[in-house]
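What follows is calculated from the coordinates using simple rules that are stated; it is not laboratory data. If you're wondering where the values come from, they're calculated on a predicted model, not measured in any experiment. Cβ coordinates were reconstructed from backbone atoms using ideal geometry, including for glycine residues, and neighbour counts include every protein chain displayed.
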Amino acid sequence: MRELMFGPRRFGELRRDLPGVSANILTQRLGQLEQNRIVRKRRLPPPASVQVYELTEWGTEAEELVQMLGRWATRHPGHDPTLPLSAASIMMSFRTMFAPERAGDMEARIGFRFGSDGFVVHIHDGTLDTVRTEPVDVDLLFEGTPPGLAAAVYGDGKFDDLEQAGILTVTGDQHLAEKFITLFPLPEKLPASDSGA
């Protein structure tokens, strides 16, 4: 469902973004979500004329629940924020973990490009808005892989090291880049004795 939080997607795009899920399983899951009125199918008008899946209005309301589960999961001692994840997942994590008090009066448009997927985050007035779109006219651009970006934001990855590894490049205001990666603190983890781990 995270994959649809940023707008309609074709079946092939969903399949690409969920590499561990077979086409048959994805078809079944989408059918169940459609039956439960969380997702709907529709055909885009010409010239696209392709079938897409999108969240219903009711399905969109689940974002708050998805964010709550995300915050809850990160508290587990075994949680590893640098494991493989999709473009939509890393962008959803920013909406989930954003700390407005750290942003202060920041006003910035930050672009992200992961292969054919583009996003723009607009930080303003203590809020963070995210749109799936081509990242143009931005103050800062991150290009690479979602795990590479996660390593910079949630891990201890340094921009120079990630660039040398070929998994993340940063173009634009470097000071803004350093500030941006501090806006998403992870909650304190549970003690190992409390988690049953």
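What FRET efficiency would be calculated for the residue pair Trp72, Thr182, taking the C-beta separation as r and a Förster radius of 25 Å, to the nearest 0.05?
0.65
Run through every distinct alpha carbon pair of region 2-61 and return the Kirkwood hydrodynamic radius in angstroms, one decimal place.
11.8 Å
Residue farthest toward the positive end of the dipole of region 78-180, with Cβ of Lys/Arg at +1 and Asp/Glu at -1: which of Ile90, His79, Ile167?
Of Ile90, His79, Ile167, it is His79.
Val21 to Glu163: FRET efficiency via 1/(1 + (r/R0)^6), r the Cβ-Cβ distance, R0 30 Å, to the nearest 0.05?
Values: r = 31 Å, r/R0 = 1.03.
Efficiency, rounded to the nearest 0.05: 0.45.
Which ³J(HN,Hα) values in Hz, rounded to whole numbers, follow from the phi angles of region 65-71 under the Karplus curve 6.51 cos²θ - 1.76 cosθ + 1.60, where θ = phi - 60° and Gly and Pro get x?
Here the 3J(HN,Hα) series is 5, 4, 5, 4, 5, x, 5 Hz.
Antiparallel versus total DSSP beta bridges in the chain: what percent is that, nearest 5?
85 percent
Report the semi-axes of the equivalent ellipsoid for the chain in whole Å, largest first, where each axis is √(5λ) for an eigenvalue λ of the Cα gyration tensor.
28, 22, 17
Sort the following peptides by mean Cβ neighbour count (other Cβ atoms within 10 Å, averaged over residues), highest first: 13-24, 102-113. It would help to have the intermediate numbers written out before the result.
Details: 13-24: 13.3, 102-113: 16.4.
By packing density, highest mean first, the sequence is 102-113, 13-24.
For region 47-102, what log10 I(q)/I(0) values come out of the Debye formula at q = 0.30 1/Å, with one point per alpha carbon and no solvent?
Normalising to I(0) and taking log10 leaves -1.28.
Could the peptides 86-93, 73-80 be put in order, highest first, of the mean number of other beta-carbon atoms found within 10 Å of their residues?
Top of the packing list down: 86-93, 73-80.
Under a point spin-label approximation (7 Å from Cα along Cα-to-Cβ), what is the Glu107-Arg40 distance to one decimal in nm?
Modelled inter-label distance: 3.7 nm.
I need Leu55, Leu176 ordered by Cβ neighbour count within 10 Å, fewest first.
Leu176, Leu55
What are the ³J(HN,Hα) values, in whole Hz, obtained from phi via the Karplus relation 6.51 cos²θ - 1.76 cosθ + 1.60 with θ = phi - 60°, for each residue of region 168-183 in sequence order, with x given for Gly and Pro?
Whole-Hz 3J(HN,Hα) from phi for region 168-183: 7, 10, 10, 10, x, 5, 5, 5, 5, 4, 5, 5, 4, 6, 9, 7.
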